[in-house]
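One structure below.
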Amino acid sequence: MSHELITYYDDATGERSGLTAGELGSWTAATAALLTAECGLARGSRAGVLLPPHWQTAAVLLGAWAAGIEVAFRGWSTAGLAPDTGPPLDAVFVERRRVGSWLEDVPEAPHRFVLGLAPHGGPTPDVPHGYRDFPAVVRDHLGTPPPADGVGLREVATVDGTTYGEYGVVAAEVARNRGIGPGDRLLIDATASEEPLTWLMSPLTAGASIVICANLDRTLLDARIAAEGITHFD
């Protein structure tokens, strides 16, 4: 399984999905194309991401960043709160179960995408009015080359003004502090690590691969660590 860069389990449903670096890169490029070529967003546009750790969340975040779009992330720990993100958002990505929830206040944006986080990027059931089904629409862009222009270290990555260079330095430091290095395989409890810096960027920056477990069943933990070649568990 070690050829997979990112693997996702849901122990409540039995789902397992895995993507190689090339496959994740394809979804990342498709997301960037969706936001730029189809939605007309430009570098410096702003996208809100209300999604849990998942391989599709990784594609959304990496695709937005590849296009030079500033990201505002909000996990369940801030559900119901509306932090000041400055100017209005240009796009928002939200998990289906958060739409209409009394716990959540989904920001307004002209481009609104919903994700059911179904196995293998399947369609989202019961897409709410005013939203587009991200897995369905992004598939039209699979095979699109990544953006020709890379982002600069001084360009802004997040709506709080953090640059790509600053974000990369912090991600590398987090990886060092956790003892994560090239070739490691990190097992992540999705309920305990919502911040993308922790579950996504620090392992990738270090050259490690990621195994995300939603609804983690700890009775399966030892077998999973052995089967996936896990070197670190968070």
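Here are the numbers:
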item	result
Residues satisfying the stated conditions in the range 138-195, i.e. open to solvent by 50 Å² or more (accessible area, probe 1.4 Å), out of contact with any helix residue (DSSP H, G or I) (no Cβ under 6 Å at 6 or more places or on another chain) and closer than 20 Å to Ala91 by Cα	Arg139, Asp140, Asp160, Glu195
Leu115 being in contact with an Asp or Glu (Cβ under 7 Å, 6 or more places away or on another chain) and farther than 16 Å from Gly44 by Cβ	yes
Failed item, numbered, when Ala66 is tested on (1) buried (at least 23 other Cβ atoms within 10 Å of the Cβ); (2) under 19 Å from Val151 (Cβ atoms)	(1)
Within the range 196-232, tally of residues that are open to solvent by 60 Å² or more (accessible area, probe 1.4 Å) and out of contact with any Gly (no Cβ under 7 Å at 6 or more places or on another chain)	9
Residue, modelled with the highest pLDDT, within the range 88-111, restricted to residues that are open to solvent by 40 Å² or more (accessible area, probe 1.4 Å) and outside any loop (DSSP other than H, G, I, E, B)	His111
Some residue of the range 180-187 being in contact with a strand residue (DSSP E or B) (Cβ under 7 Å, 6 or more places away or on another chain) and under 18 Å from Ala64 (Cβ atoms)	no
Residue that is in a loop (DSSP other than H, G, I, E, B) and closer than 22 Å to Pro87 by Cα, where the choices are Ala64, Ala12, Ala42	Ala42
Residue tally, condition within 18 Å of Gly25 (Cβ to Cβ) and charged (D, E, K, R), over the range 136-184	3
Of the criteria (1) open to solvent by 30 Å² or more (accessible area, probe 1.4 Å); (2) at pLDDT 90 or above; (3) in contact with a Gly (Cβ under 9 Å, 6 or more places away or on another chain), which one Thr85 fails	(2)
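Residues are listed down the side, and each one gets a yes or a no for (1) under 18 Å from the mean Cα position of the chain (by Cα); (2) under 17 Å from Arg43 (Cβ atoms):
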position: Gly143; (1), (2): no, no
position: Leu153; (1), (2): no, yes
position: Thr158; (1), (2): yes, yes
position: Pro182; (1), (2): no, no
position: Glu195; (1), (2): yes, no
position: Leu200; (1), (2): yes, no
position: Pro203; (1), (2): yes, no
position: Arg218; (1), (2): no, no
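The values are calculated or read from the model by the stated rules, or taken from the named source; none is laboratory data. Just so we're clear, the structure is a prediction, and the values are computed from it rather than from any experiment. Positions of Cβ are generated from backbone atoms using ideal geometry, with glycine treated the same way; all protein chains shown enter the neighbour counts. What goes into the accessible areas is simple: the full protein's heavy atoms, side chains included, and nothing from ligands, DNA or RNA. Shrake-Rupley method; radii C 1.70, N 1.55, O 1.52, S 1.80 Å.
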